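K.L.:
Can you read through this structure? Questions will come right after.
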Amino acid sequence: MDLKGILEYQKLDGELFKIERQLKSNENKVMANKMHESMKDAQNRSYKLEEKAGALLGEIEKVKKQFKTQQDKMDEFMSKDLEKMSKEELDKLSVLKDKLAQNLAILERNLTSLAENVNATLADFNKTIKTFNTCKEQYAKSKAAYDNDVKSVEDKKNEIENDLKKLAKSLDGKLFEAYQKRRKENIFPVVVPIINNSCGGCHIELPYANISKLEDDGILTCEHCHRIIYKM
């Protein structure tokens, strides 16, 4: 099998692979992705904090109603004419008064605790929004820088891709299909020589039967890394 064409194609494709790898690991892209994830985390946290604040405010309203109910009872108690009451009635009112005072104290503590919780939640919310805005700003800068990096290699990338299309027309269809399949799986180089009875890609030693098959067919698929092996 004539491998000259596919090896020439791979050599040129190697330049494209290098560009793609550089763009994939580009520090501006990495930073943009990091900031984007941080933005999503901050946004999700802000939603949860909003829900928490809403629940706390609802609880405060509930406690306020309970407080008013107890306060009304206390006001009603204080409006009574104590001089007209018997000792038994006064004793009952005294117990009721103590109970109402206790309830009011508990509700007051609950209100204070809820208010503190609301303030802490709002402070956390404001901090989260600030984090979101900071990440958003950094994301925009990193994204713009990455776009410029992509643009700087765009002409070279297009030139290589056009040359590859031209070369592909002269290649063996079945071999090129096998090459493209592995290339899409991010395997590179795809076509490698056998070196000291081992795959030139993963360096795993080939079984004797596979070496014999390589002698007969001219190419062989590595069972380990799936590269296409050829004999030089």
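K.L.:
Can you name the residue in region 180-203 that is surrounded by 12 or more Cβ atoms within 10 Å (Cβ to Cβ) and over 30 Å from K169 (Cβ atoms) and, of all such residues, is farthest from the chain's Cα centre (by Cα)?
P.N.:
Within region 180-203, the subset surrounded by 12 or more Cβ atoms within 10 Å (Cβ to Cβ) is 180-183, 187-195, 197-203.
Remaining after also requiring over 30 Å from K169 (Cβ atoms): 195, 197-198, 202-203.
Values: I195: 42, N197: 44, S198: 40, C202: 32, H203: 36 Å.
Applying the filter and picking the extreme gives N197.
K.L.:
Further question: Could you tell me how many of the residues in region 205-220 are in contact (Cβ under 8 Å) with a residue 24 or more places away in the chain and part of a loop (DSSP other than H, G, I, E, B)?
P.N.:
1
K.L.:
Please give the number of the condition A140 fails out of (1) of a type outside the set (F, W, Y); (2) part of a helix (DSSP H, G or I); (3) more than 36 Å from the chain's Cα centre (by Cα).
P.N.:
(3)
K.L.:
Among the residues of region 70-86, how many are assigned to a helix (DSSP H, G or I) and either surrounded by 12 or more Cβ atoms within 10 Å (Cβ to Cβ) or modelled with pLDDT of 90 or more (or both)?
P.N.:
Of the residues in region 70-86, 5 are assigned to a helix (DSSP H, G or I) and either surrounded by 12 or more Cβ atoms within 10 Å (Cβ to Cβ) or modelled with pLDDT of 90 or more (or both).
K.L.:
Here is a further query. Which residue, of A144, A105, is of a type in the set (A, V, I, L, M, F, W, C), modelled with pLDDT under 95 and surrounded by fewer than 17 Cβ atoms within 10 Å (Cβ to Cβ)? Talk me through it step by step, then tell me what you get.
P.N.:
Working: A144 fails: modelled with pLDDT under 95.
Residue meeting the stated conditions: A105.
K.L.:
Please verify whether K156 is in contact (Cβ under 8 Å) with a residue 24 or more places away in the chain, more than 30 Å from A53 (Cα to Cα), assigned by TED's automatic domain parsing to the domain that holds E20 and of a type in the set (D, E, K, R), treating the condition exactly as stated.
P.N.:
Considered against the rule, which asks whether it is in contact (Cβ under 8 Å) with a residue 24 or more places away in the chain, more than 30 Å from A53 (Cα to Cα), assigned by TED's automatic domain parsing to the domain that holds E20 and of a type in the set (D, E, K, R), K156 comes out as yes.
K.L.:
Among (1) in contact with a Phe, Trp or Tyr (Cβ under 9 Å, 6 or more places away or on another chain); (2) not in a helix (DSSP H, G or I), where does L100 come up short?
P.N.:
Of (1) in contact with a Phe, Trp or Tyr (Cβ under 9 Å, 6 or more places away or on another chain); (2) not in a helix (DSSP H, G or I), only one is false for L100: (2).
K.L.:
Given (1) among the acidic types (D, E); (2) in contact with a Leu (Cβ under 7 Å, 6 or more places away or on another chain); (3) farther than 30 Å from E116 by Cβ, identify the lone condition not met by E76.
P.N.:
Unmet for E76, out of (1) among the acidic types (D, E); (2) in contact with a Leu (Cβ under 7 Å, 6 or more places away or on another chain); (3) farther than 30 Å from E116 by Cβ: (2).
K.L.:
Under 7 Å between Cβ atoms, which residue pairs at least 6 apart in sequence (or on different chains) link something in region 177-204 that is assigned to a strand (DSSP E or B) with a partner that is among the polar types (S, T, N, Q) and modelled with pLDDT of 95 or more?
P.N.:
Hits for this filter: V191/Q10.
K.L.:
Look through region 204-232, keep the residues that are within 19 Å of K4 (Cβ to Cβ) and either β-branched (V, I, T) or crowded, with 16+ Cβ neighbours inside 10 Å (or both), and return whichever of them is farthest from the chain's Cα centre (by Cα).
P.N.:
That would be L214.
K.L.:
Next up: Just for region 1-19: of the residues that are at pLDDT 95 or above and of a type in the set (D, E, K, R), which one is nearest to I219 (Cα to Cα)?
P.N.:
E8
The values are calculated or read from the model by the stated rules, or taken from the named source; none is laboratory data. Just so you know, these numbers come straight off a predicted model, no measurement behind them. Virtual Cβ from ideal backbone geometry, glycine too; neighbours counted across all protein chains shown.
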